[in-house]
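Can you keep this structure in mind? I'll have questions shortly.
We did not get these values from a lab; they are worked out from the coordinates using the rules stated. Keep in mind that what you see is a predicted model, and the values were worked out from it rather than measured. Don't worry about glycine lacking a Cβ; one is built from the backbone with ideal geometry, like all the others, and counts go over all protein chains shown.
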Ligand code: PMP
Ligand code: GLN
């Protein structure tokens, strides 16, 4: 086969979760909660099914859900998006990202991404004939290197992809970062694709700054979010995008032939459940407690924490334990210690290895303490 993506294997999240299952290891690799969402969400969704809401919804998503999203976005970020023309419900963030890339990137176009880079972006860019060019989040603080972005911008640059709060690093963009980004794209036709799926999971009194909190960026950005992260339902695969009408029009041209629409009863259930804002406003405190609990379990171990300002991932250095490359270390940890993690080198195009692995702490306390007990022993 003449592969379009010869260098792409199976995603690390599948590889590590499969290995964890094979070895009976505690799975702190792929990011998903091991606890349930609230019954009220299931009840609202089942009610929708029983009330016959089981056929195609409108292409852009159920109006009640788009209105609920618009109200949330306005109250949190002060930006108004018209539910009719500027909000679209998607089959998770992954489809939203892929569709946005397909809608705007032409063969030969360049897309600037930051390494370490979430693993779905570059294969999507290459599938549609674009080329990823890499700026950096600088180790060990993972601050964006804007000078490298300025050097990379060219007449071929079609898009810049940012991800804040950032997976896997837990770093956050600041107001200065957004001002610099706005300066870089001013007077160009570059589209900003902003992956903000962890928007509600920010710690230590920090604040998520959406690109739409600036009018100049809001006018040229597509923002992606996911209910999977916010409501502990990663398997439902429902998310949404925001974008100014002209951008959204292009997005929907592809979306309608990519998935057309997204699961009706789950959209109805989420719309009803969203009416109570405490359900997303409480998420930061909930996960901050998980982060601190997980860190406490690792006290006395030889892992060294990197800062974790957001998301449900903790990066750790393991220099004091092993000099194995991170992929081999993650495999050894899974097989021999019984705790699965994600090696961070997979998020670099050149496999850069700082000997850092990622643990997911979206887990019950009992899971985290069992993992801690194993990790303290090595
Ligand atoms: N972007 C980032 C940064 C993510 O971490 C994830 C999921 N973990 C996604 C996108 C995909 O989200 P979804 O499951 O809604 O497709
Ligand atoms: N985004 C999740 C993570 O970072 C996994 C999603 C997936 O498995 N594709 O672990």
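What is the percent of Cα-Cα separations in the range 138-280 that go past 28 Å?
Values: 2495 of 10153 pairs.
That tail contains 25 percent of the Cα-Cα pairs.
Could you state the number of Å between the C-alpha centres of the range 120-137 and the range 218-252?
Between the Cα centre of the range 218-252 and that of the range 120-137, the gap is 19 Å.
Now for a different question. Please compute, for the alpha-carbon atoms of the range 231-322, the extent along each of the three principal axes and give them in descending order in Å.
Projected onto the principal axes, the Cα atoms of the range 231-322 cover 53, 31, 24 Å.
Quick check: Cα centre of the range 356-378 to Cα centre of the range 280-296, how many Å?
Taking the Cα centre of the range 280-296 as reference, the centre of the range 356-378 is 14 Å away.
Kindly identify the range 72-169 as rounded, prolate or oblate by the Cα gyration tensor criterion: order the square roots of the eigenvalues as a ≥ b ≥ c, call it rounded if a/c is under 1.5, otherwise compare a/b with b/c, prolate if a/b is larger, else oblate. Working shown, then result.
Details: a/c = 1.76, a/b = 1.25, b/c = 1.41.
Oblate, since a/c reaches 1.5 and b/c is not below a/b.
Taking neighbour counts of Cβ atoms within 10 Å as a proxy for exposure, in what order, fewest first, do 11, 90 appear?
Details: 11 14, 90 28.
Ordered by Cβ neighbours within 10 Å, fewest first: 11, 90.
Restricting the count to DSSP beta bridges whose residues both fall in the range 39-276, what percent are antiparallel, rounded to a multiple of 5?
Working: 11 of 29 bridges.
Among the beta bridges of the range 39-276, antiparallel pairing accounts for roughly 40 percent.
Separation between the residue 319 and residue 55 pseudo-spin-labels, each 7 Å from Cα along Cα→Cβ, expressed in nm?
6.4 nm
Please report the relative contact order for the chain, taking Cα pairs under 8 Å with a sequence separation of at least 6, and give it as a percent rounded to a whole number.
Numbers: 752 pairs, mean separation 94.3, N = 378.
Reported as a whole number, the value is 25 percent.
Stick to Cα atoms and the Kirkwood definition of Rh, then tell me Rg/Rh for the range 284-325.
On the way: Rg = 11.5 Å, Rh = 11.3 Å.
My calculation of the ratio gives 1.02.
Per-residue counts of other Cβ atoms within 10 Å, averaged by peptide: what ranking do you get for 160-171, 187-198, highest first?
Numbers: 160-171: 25.4, 187-198: 20.6.
For the peptides 160-171, 187-198, the packing ranking is 160-171, 187-198.
Another one. Using only the alpha-carbon atoms of the chain, report the extent along each of the three principal axes, biggest first, to the nearest angstrom.
Extents along the principal axes: 56, 53, 49 Å.
Quickly work out the residue 182-to-residue 289 label distance, labels modelled 7 Å from Cα along the C-beta direction, and quote it in nm with one decimal.
A separation of 3.7 nm, rounded to one decimal place.
Mean separation of Cα pairs under 8 Å and 6+ residues apart, divided by the residue count of the range 94-194: what relative contact order is that in percent?
Numbers: 149 pairs, mean separation 28.8, N = 101.
That works out to 29 percent.
Extent of the range 181-246 along each principal axis, from alpha carbon coordinates, in Å, largest to smallest?
For the range 181-246, the Cα spread along each principal axis is 40, 30, 14 Å.
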